[in-house]
4 protein chains.
Amino acid sequence: MTASVAVAGASGYAGGEVLRLLLGHPGVEIGTLTAGSNAGERLGALQPHLLPLADRVLADTTVETLAGHDVVFLGLPHGQSASIAQALGDDTVVIDCGADFRLTDPGEWQAFYGGEHAGSWPYGLPELPGQRDLLRGARRIAVPGCYPTVSTLAIVPAVAAGLIEPDVTVVAASGTSGAGKAAKPHLLGSEVMGNASAYGVGGTHRHTPEIVQNLSGVAGGPVKVGFTPLLVPMSRGILATVQAPLLDGVTPEQVRVAYATAYDSEPFVHLLPEGQWPQTQSVLGSNAVQVQVAVDERVRRLVAVAVVDNLAKGTAGAAVQCMNLALGLDEATGLSTIGLAP
Amino acid sequence: MTASVAVAGASGYAGGEVLRLLLGHPGVEIGTLTAGSNAGERLGALQPHLLPLADRVLADTTVETLAGHDVVFLGLPHGQSASIAQALGDDTVVIDCGADFRLTDPGEWQAFYGGEHAGSWPYGLPELPGQRDLLRGARRIAVPGCYPTVSTLAIVPAVAAGLIEPDVTVVAASGTSGAGKAAKPHLLGSEVMGNASAYGVGGTHRHTPEIVQNLSGVAGGPVKVGFTPLLVPMSRGILATVQAPLLDGVTPEQVRVAYATAYDSEPFVHLLPEGQWPQTQSVLGSNAVQVQVAVDERVRRLVAVAVVDNLAKGTAGAAVQCMNLALGLDEATGLSTIGLAP
Amino acid sequence: MTASVAVAGASGYAGGEVLRLLLGHPGVEIGTLTAGSNAGERLGALQPHLLPLADRVLADTTVETLAGHDVVFLGLPHGQSASIAQALGDDTVVIDCGADFRLTDPGEWQAFYGGEHAGSWPYGLPELPGQRDLLRGARRIAVPGCYPTVSTLAIVPAVAAGLIEPDVTVVAASGTSGAGKAAKPHLLGSEVMGNASAYGVGGTHRHTPEIVQNLSGVAGGPVKVGFTPLLVPMSRGILATVQAPLLDGVTPEQVRVAYATAYDSEPFVHLLPEGQWPQTQSVLGSNAVQVQVAVDERVRRLVAVAVVDNLAKGTAGAAVQCMNLALGLDEATGLSTIGLAP
Amino acid sequence: MTASVAVAGASGYAGGEVLRLLLGHPGVEIGTLTAGSNAGERLGALQPHLLPLADRVLADTTVETLAGHDVVFLGLPHGQSASIAQALGDDTVVIDCGADFRLTDPGEWQAFYGGEHAGSWPYGLPELPGQRDLLRGARRIAVPGCYPTVSTLAIVPAVAAGLIEPDVTVVAASGTSGAGKAAKPHLLGSEVMGNASAYGVGGTHRHTPEIVQNLSGVAGGPVKVGFTPLLVPMSRGILATVQAPLLDGVTPEQVRVAYATAYDSEPFVHLLPEGQWPQTQSVLGSNAVQVQVAVDERVRRLVAVAVVDNLAKGTAGAAVQCMNLALGLDEATGLSTIGLAP
């Protein structure tokens, strides 16, 4: 059986990456592709790397153009997913790469995004304890943000095993594609090459409450999260450093066991051998997460580092992984753990 | 039937890229991996992006470790391939990513590489007129150099159609991975980031005679080639501009027809729609070549531009493409025309 | 005596670089700074690297705000310089970093820029034979384009000495800042990092007629110029390769003597020792041009390579150099031949 | 009076940057330049950006070649400074860009560097409370490490004002030039472009005890420092994020006042207007430090961000600043607060 798939927002980075992955997926047929202001254009002019789809012409993003597919991926600006999803019918698998349905707490939505909260869908991070079962056969899935994915996976084994104080510091360095394809002066190549910058400092970045939600859910109580994102000169990739005070008596061996146990049977999350630290290049284009953890005994802190490709496991790869679960396919179908390096 | 494959030089860039492609190839089993000074190490420490092979340990590069496979890829320094190939037996498919067997003229070998000429093997550029048939079932194949591949494919339709004077100017901008993984000060990140440089200027680069050989063979007479390589700040990708004086009376339409005809049925070479110019990002990690051509009427010159990923179609992708031909498989097995962008 | 200086377009790259250089110039006082849509903003928010001017507020670009200064630099979009210059009075030194007054031939202006030709001003390339005298005491100066500067200086000694055929091929790799600060999708960091592309291929780039004008003027007859620009992943810098057929009998020694003679007493153009090839990093932030030349005997062609910082000697440095000549100061005042590397 | 200056290690990045700054310094005459394995070579072949010194030939690094200058800068591998300094005579100003004399605690030296502790010299960070006076007229100065400089300056106002708990978390993203010019595979351009990595995680980086020493000295008691360095794809620049729990009752206004007070009269450290965050491009090539600070109320933590050019204020700029103090010159002579951007 082949699932027919539509992609809304096919001219953007998330939509383009969904298509790149679907082109290598044996169980799908790529149907309608839609866009906003780029509707009517050839995909080849906008995504010249997707050669097999070069002659496809983009339709407008409407319920009508998207209807009639088994799966619809949404790569749309905030606030546009709800009305489309509502109209698509309950048997369509709708996978939203945007933020609209990630947060469960309307107050947090209001505080960080503003406007009315659309609600929440099953959260597409299968590696969270207990989460995979909620995604099997799901018909609505909210794909996690890129920073929350890598930050959560870096520290959740320690949270789940009760090894750290609920007081987590995340500093994550990201490539520029996470900011999307809309042209803004501070994202020009001339501005980002040879340049590192901090933004959204002081807990103001919209991904902060999502990390809190993930970790607090696993901890069974509130976890404080201080999150600082950095922009660094590369197109893809996020490296997150996540630190927390170790509880008294916790040993490095306990930490290592917790991580090994958590990820031993995960298809995409890989704990590196001791002493080898992650680099983003290793996961470029892949759905893999590479993780390492250490204990800084002088300050009695756990320091974990994880890397993802923000467009792959950080967005589109997670979306396809979730589609596989929703459709009852092998979770890894069409996805890879092999990066493009150097 | 699954072919067993060994890779000599698995710790280098060419060897690593061969492995990356073989991991997605349905018809092979990855056997022995060898290295020089890195023998004895885990592949995961050297090529952390090749996660499924992380626990493989590298053997020494010897005839003994390589023998017994159906296919052997060689990614070795110049001069080391001949003795190994000789010892491997005639029924083993030996595919050399190095330069040893590319040139047919011993004088050119002597002039550009020095030392004794090892001979020449079938040249692994199936897109050259008549060349594909020589590679089907071949047991020894010399993979072309990265610059010759992209430069030849940019201009060969015009040569074959007799549209230009035999006087070709190539300027090609390359990423740094073409220079390999040996640590040299001028290849440090600090030196290459934010920096463009020329090298091998004045016809001294070793790839010059290879381009001459390709074009002269197709022209049926001598073709002059002036070749200037540039190093630009990216890891992968080559963009070649290739120019030549148009013969009197030749029209832009004739040029376009020649290119369209040459590449219409090629699986990996793609002539872009008029007005769209190639960029290297579009072919990253893929075996695709994107080509465009125009006529500068003010100077009556043909200007062609082509891009490849130097490690993929420029080296390892071509090697796998040639293996497919050698083994009688579909030429595109395990290879993609989809780039990793942005 | 201190000259008062205004800069129109202070929020852009050219204007910012003029200011960076003026801050180190002992003979000027920085007066009014103007902008278009950024008028009313603090300079520190737009050009945070110009710390001593951080609290300056940008005025509107009008004749009124610019009047009353000894020198006015114009860094404006095409077509806006003429009316301002006309109103400023003949004793004000007006230095236009834009293209409006570079071309002498109205037909070429019409063909490449369209619209009415505003006329031509003394061309601000003092290194052109005879040109320096035209700039001493001038009150209107047209700063050359970045590509014409580096391309012209790479080959003009050979043109002046009559060593080559009048048939020149230029391929030049540029950083992204030459495209300015206006936000366009193809100039986003995500698009340009890890990517090389060709544009304006086939003789369509607007800098083509300017190179023709420079070389033809020196040759005393028409020189054909085929020009191909490349965009490569760096913020600043242009490397130009310029090639032409050598006339019969011309020797490498004659070539070398011609270049050495042309540039021996130039303060900013430096012929490298034989065998050392230019790289853009060496001239970052400086007004220097580094040049090398070789003869490719197999194809009997001269191959020259030159580098400049497109914003410095390619724009703002040339502008300050011209101001020095206009004001009767030492030509090198406030300018450097020292690059920022690595 | 002009001071004669020698530079040991002139072929390296620190030595090259010292020379770049000295070329713009009005009070010095550049004397002997020395190197290790590059002795005997022209500086122009090794540092082609230092055009005015291109024809200088490097001497061997010995006491004899360095003797007889008023000032000697040492840019040498660890462990080589002591014997040279001892032989140079007490009236020579010796400024060591290496680590040998930075740490006061022999135990920390032993733990992080190994081998015998050479002792400690006045620490060249004039912005530390009380430190400037120790540097005026000094004859031996230890230039701080690049990470300690930026990390210390980001947080020391809060430490000095007693606003935070003595438990500091530093995550700093650095360009590659901090790792020096010795060719190592993981520093190749192909490895670092498009790649972010963590290293020295878990408190093992050698700059850790130096940050502890600086902050504990100001606090008057032990300060815990967890330090994680990241390598990001740029040649120059460090961005440090420094976080610490706020003491109860401390307000954002108190924090702001503490920073403004600390840096108002500093010539090189600049607190940005509220809401504007530092980026490394703003300080490239300059001696400036740009700092911002915020309070994350949800987690009651102070978050400070600072940027420096690791080779300038992070090494060579600090060295020249210290030379100025040692010689009784204006501290800012020959140094700039203007960055090279874009």
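Values quoted throughout were computed directly from the atomic coordinates according to the rules given, and no laboratory measurement underlies them. Please read all numbers here as calculations on a predicted model, not as lab measurements. Please note: Cβ atoms are built from the backbone with ideal geometry, for glycine as well, and neighbour counts cover all protein chains shown.
Here the protein assembly as shown carries DSSP beta bridges of which approximately 50% are antiparallel, counting only pairs with both residues inside.
Counting, for every residue in D:239-246, the Cβ atoms of other protein chains within 10 Å of its Cβ and taking the mean gives 3.
Tell me which of D:263, D:195, D:218 sits at the most positive position along the dipole axis of the stretch D:147-308, charges placed on C-beta atoms (Lys, Arg +1; Asp, Glu -1). Of the candidates, D:195 comes out farthest on the positive side. Label-point distances for residue C:297 to the equivalent site in the other copies, using a point 7 angstrom along Cα→C-beta, read 4.2, 6.8, 7.9 nm when ranked shortest first. Among D:237, D:98, D:107, the largest mean-square fluctuation in a Gaussian network model of chain D, built with springs joining Cα atoms closer than 10 Å, belongs to D:107. Given a Förster distance of 56 Å, report the FRET efficiency between residue C:248 and residue A:64 from their Cβ-Cβ distance, rounded to the nearest 0.05. My answer for the efficiency is 0.20. If you plug the beta carbon distance of residue D:110 and residue A:116 into 1/(1 + (r/R0)^6) with R0 = 51 Å, you get a FRET efficiency near 0.25. Computed from backbone phi, the HN-Hα couplings of the stretch D:280-285 come to 5, 4, 5, 10, 4, x Hz, rounded to whole numbers (Karplus: 6.51 cos²θ - 1.76 cosθ + 1.60, θ = phi - 60°; Gly and Pro given as x). Using θ = phi - 60° in the Karplus curve 6.51 cos²θ - 1.76 cosθ + 1.60, the 3J(HN,Hα) couplings for the stretch A:77-93 round to x, 3, x, 9, 7, 4, 5, 5, 4, 4, 7, 7, x, 6, 8, 7, 7 Hz; x is entered for Gly and Pro.
Give the residue list of trypsin sites (Lys or Arg not before Pro) in the stretch B:109-180 that are DSSP loop and have at most 15 other beta-carbon atoms within 10 angstrom.
Working: sites: B:132, B:136, B:139, B:140; in loops: B:136, B:139.
Here the sparse-neighbourhood loop sites are B:136.
Percent of C-alpha pairs per 5 Å bin in the stretch D:24-63, short distances first: 6, 25, 27, 24, 14, 5, 0. Run the Debye formula on the Cα coordinates of the stretch D:1-124, all scatterers equal and no solvent, and tell me log10 I(q)/I(0) at q = 0.20 1/Å. Debye intensities relative to I(0), on a log10 scale: -1.10.
Restricting to the stretch A:147-308, what percent of DSSP beta bridges are antiparallel, rounded to 5? Mind dumping the intermediate values first?
On the way: 24 of 35 bridges.
About 70 percent, rounded to the nearest 5.
Counting Cβ atoms of other protein chains within 10 Å of each Cβ in C:17-25 and taking the mean gives 2.
When the helix-only estimate is applied to the protein assembly as shown (DSSP H runs of n ≥ 4, each -39,500 (n - 2.57), divided by the residue count), what is the mean residue ellipticity at 222 nm, nearest 500 deg cm²/dmol? Spell out each step's value before the answer.
Values: 44 runs with 364 residues, N = 1368.
My calculation for the protein assembly as shown gives -7000 deg cm²/dmol from helical runs alone.
Candidates D:156, D:228, D:305 compared by Cα position along the dipole of the stretch D:147-308: farthest toward the positive end lies D:228, with charges placed on Cβ.
Placing unit charges on the Cβ atoms only, positive for Lys and Arg and negative for Asp and Glu, gives the stretch D:147-308 a dipole magnitude near 520 debye about its Cα centre.
Straight-line reach from residue D:224: taking Cα to Cα under 15 Å and skipping same-chain neighbours fewer than 8 places apart, the aspartates and glutamates in range are A:296, A:297, D:108, D:165, D:167, D:210. For chain B, relative contact order (Cα pairs under 8 Å, six or more residues apart, normalised by length) works out to 18 percent. Using a 7 Å projection from Cα along Cα-to-Cβ, the label point at residue A:264 is separated from the same position in the remaining copies by 6.0, 6.2, 7.9 nm, smallest value first.
Any idea what diffusion coefficient the stretch C:219-342 gets from Stokes-Einstein, in µm²/s, Kirkwood Rh on alpha carbon pairs, 25 °C, 0.890 mPa s? Here the translational diffusion coefficient equals 154 µm²/s. Calculate, for residue D:184 and residue A:86, the FRET efficiency according to 1/(1 + (r/R0)^6) with r their C-beta to C-beta distance and R0 56 Å; round to the nearest 0.05. Taking R0 as 56 Å, the efficiency between residue D:184 and residue A:86 is 0.50.
Given just the C-alpha atoms of the stretch B:147-308, how large is their convex hull per residue in cubic angstrom? Intermediate values should be presented prior to the final figure.
Details: hull volume 19.6 nm³, N = 162.
With only Cα atoms used, the stretch B:147-308 gives 121 Å³ per residue.
The orientation-averaged projected area of the convex hull spanned by the Cα atoms of chain D comes to 16.9 nm².
Mean separation of Cα pairs under 8 Å and 6 or more residues apart, divided by the residue count, gives the stretch A:147-308 a relative contact order of 31 percent.
Here the stretch B:16-41 and the stretch B:305-321 have alpha carbon centers that stand 17 Å from each other. Computed from phi, the 3J(HN,Hα) profile of the stretch A:9-19 under the Karplus parametrisation 6.51, -1.76, 1.60 (θ = phi - 60°) reads x, 6, 8, x, 6, 5, x, x, 6, 4, 5 Hz, with x in place of Gly and Pro. Residue-normalised convex hull volume from the C-alpha trace of the stretch D:176-228: 96 Å³ per residue.
Distances, shortest first, from the label point of residue B:252 to those at the same position in the other copies read 4.0, 5.9, 6.8 nm; the point lies 7 Å along Cα to C-beta. Shielding value for D:47-58 is 5, the average number of Cβ atoms from other chains within 10 Å of each residue's Cβ.
Would you work out the Kirkwood radius for the protein assembly as shown? I mean one over the mean of 1/r across all pairs of different Cα atoms, in Å.
Hydrodynamic radius (Kirkwood, Cα only) of the protein assembly as shown equals 32.4 Å.
Largest first, the extents of the alpha carbon coordinates of the stretch A:114-237 on the three principal axes equal 45, 36, 28 Å.
The Cα atoms of the stretch D:56-169 define a convex hull whose projected area, averaged across directions, is 8.8 nm².
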